1. Looking at 56, 75, 85, can you tell me which residue is under 21 Å from residue 158 (Cβ atoms) and either touching a strand residue (DSSP E or B) at 6+ places or on another chain (Cβ under 6 Å) or in a helix (DSSP H, G or I) (or both)?
2. Out of all the residues in segment 186-208, which are among the aliphatic types (A, V, I, L, M) and touching a strand residue (DSSP E or B) at 6+ places or on another chain (Cβ under 7 Å)?
3. I'd like to know if segment 244-256 contains one or more residues that are under 20 Å from residue 129 (Cβ atoms) and surrounded by fewer than 20 Cβ atoms within 10 Å (Cβ to Cβ).
4. Residues that are more than 16 Å from residue 176 (Cα to Cα), at least 2 per element: which strands (runs of 3 or more DSSP E) completely within segment 112-161 meet that?
5. What do you reckon, is residue 130 in contact (Cβ under 8 Å) with a residue 40 or more places away in the chain, closer than 25 Å to residue 102 by Cα, touching a Gly at 6+ places or on another chain (Cβ under 8 Å) and among the hydroxyl-bearing types (Ser, Thr, Tyr)?
6. Name the single residue, out of those in segment 198-220 being in a loop (DSSP other than H, G, I, E, B) and without any contact (Cβ under 8 Å) to a residue 24 or more places away in the chain, that is surrounded by the fewest Cβ atoms within 10 Å (Cβ to Cβ).
7. Can you tell me which residue in segment 277-303 is modelled with the lowest pLDDT, limited to those that are outside any helix (DSSP H, G or I) and crowded, with 19+ Cβ neighbours inside 10 Å?
Amino acid sequence: MKKFTLAATAAITLLGLGLTGCSSASEDTASAESVTCPGGQIRFGVLPYEDPEALEPAYRLLADALSEKLDCPVEVQITEDYAAEVLAMENDQLEIAQFGPLGFVFANERAGATALASFGDAEGQPTTYTGGIWVPKDSPVKTIEDLKGKTLALGSPGSTSGDALPMSALVDAGIDADVQWDYAGGHPEALLALVNGTVDAAQINSQTLATATEAGTFDPAGYRQVWESEEIPNDPVTVRSNLPQEFQDAVKDALLGLDSADVAKVSKFLGVDPAGPMIEVTNDTYKPLFDLAETMNLTEKDV
């Protein structure tokens, strides 16, 4: 498979060793260590699937509500990338974390992440999203097979819809050795590469499509989708399995008890609008992603 160098179209600087944090409002009156507050705080990891500056207030709202239910300060830590989030949980630097579906596979295997809850719709039903490959409307590319010899912007290594699924589609189409691809650095950056005309095609998942369309940074009328993945279960919020079971149960109950308004801003980033409450998921919910990783021989090194 050919890889070309895609110049960065945007830069994000994160503070610290791959993490940047924002604490919940309850930190001003930090709780003492308790069953629901191990170590006196809960660190909540979030992968940077959108601009961290946009994600931060949405997750702070969720964290504040969670903090109130658990009587414990909740600090949101937006990690530098997918690998940093897995590593942080593996090193006991995160108590809970939201992973992408494929990232969860590696987090489960390496860090013992256990799926607790995901983002439901207004009817309280599970939600999904899809991966896609888009080209300009006037492009000669009509099908995924036509990408042979073309340039393609992917998202980030280890991304479900921004890496593994489009790469799997190229393999299935028999053109994986003939497409020139590179990682743009994330979903928004891949979309921007297409808009700026620096690539022939780009992966754009349904979540980023909705966000960018509403923000006015992408007009779907000027582009065409030439490939779409099967539906993917939305991101799980997980807990580290080496923590006391009583704490794990308390976090699960707290997540499932959050009001829709507490999670609405995060849900919107995930393509869920109008939002509903969080719903229970288990590791088995993500079995298709475990199967995908096995089929493609993916390991945490691919992140």
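1. Working: 56 fails: under 21 Å from residue 158 (Cβ atoms); 75 fails: under 21 Å from residue 158 (Cβ atoms).
85 is the lone residue from the list that is under 21 Å from residue 158 (Cβ atoms) and either touching a strand residue (DSSP E or B) at 6+ places or on another chain (Cβ under 6 Å) or in a helix (DSSP H, G or I) (or both).
2. Within segment 186-208, the subset among the aliphatic types (A, V, I, L, M) is 190-195, 199, 201-202, 204.
Once the filter is applied, which keeps residues that are among the aliphatic types (A, V, I, L, M) and touching a strand residue (DSSP E or B) at 6+ places or on another chain (Cβ under 7 Å), segment 186-208 yields 190, 191, 193, 194, 199, 201, 202, 204.
3. Taking segment 244-256 first, the residues under 20 Å from residue 129 (Cβ atoms) are 255.
Filter once more, keeping what is surrounded by fewer than 20 Cβ atoms within 10 Å (Cβ to Cβ): none.
Checked against the condition, which is being under 20 Å from residue 129 (Cβ atoms) and surrounded by fewer than 20 Cβ atoms within 10 Å (Cβ to Cβ), segment 244-256 yields no hits at all.
4. Working: elements: 113-121, 132-136, 151-154.
Once the strands (runs of 3 or more DSSP E) in segment 112-161 are filtered for at least 2 residues that are more than 16 Å from residue 176 (Cα to Cα), what remains is 113-121, 132-136.
5. Values: in contact (Cβ under 8 Å) with a residue 40 or more places away in the chain: yes; closer than 25 Å to residue 102 by Cα: yes; touching a Gly at 6+ places or on another chain (Cβ under 8 Å): no; among the hydroxyl-bearing types (Ser, Thr, Tyr): yes.
It is false that residue 130 is in contact (Cβ under 8 Å) with a residue 40 or more places away in the chain, closer than 25 Å to residue 102 by Cα, touching a Gly at 6+ places or on another chain (Cβ under 8 Å) and among the hydroxyl-bearing types (Ser, Thr, Tyr).
6. Going through segment 198-220, the residues in a loop (DSSP other than H, G, I, E, B) turn out to be 198-200, 204-205, 216-219.
From what's left, without any contact (Cβ under 8 Å) to a residue 24 or more places away in the chain: 216, 219.
Details: 216: 7, 219: 11.
That would be 216.
7. Here is the first cut: in segment 277-303, the residues outside any helix (DSSP H, G or I) are 277-282, 296-299, 303.
The next check asks that each one be crowded, with 19+ Cβ neighbours inside 10 Å; those that pass are 277-278, 281, 298, 303.
On the way: 277: 97, 278: 98, 281: 98, 298: 87, 303: 62.
Filtering segment 277-303 for residues that are outside any helix (DSSP H, G or I) and crowded, with 19+ Cβ neighbours inside 10 Å, the one modelled with the lowest pLDDT comes out as 303.
The values are calculated or read from the model by the stated rules, or taken from the named source; none is laboratory data. All of these numbers come straight from a predicted model, not from anything done at the bench. All Cβ positions, even for glycine, are placed from backbone atoms using ideal geometry, and neighbour counts span all protein chains on display.
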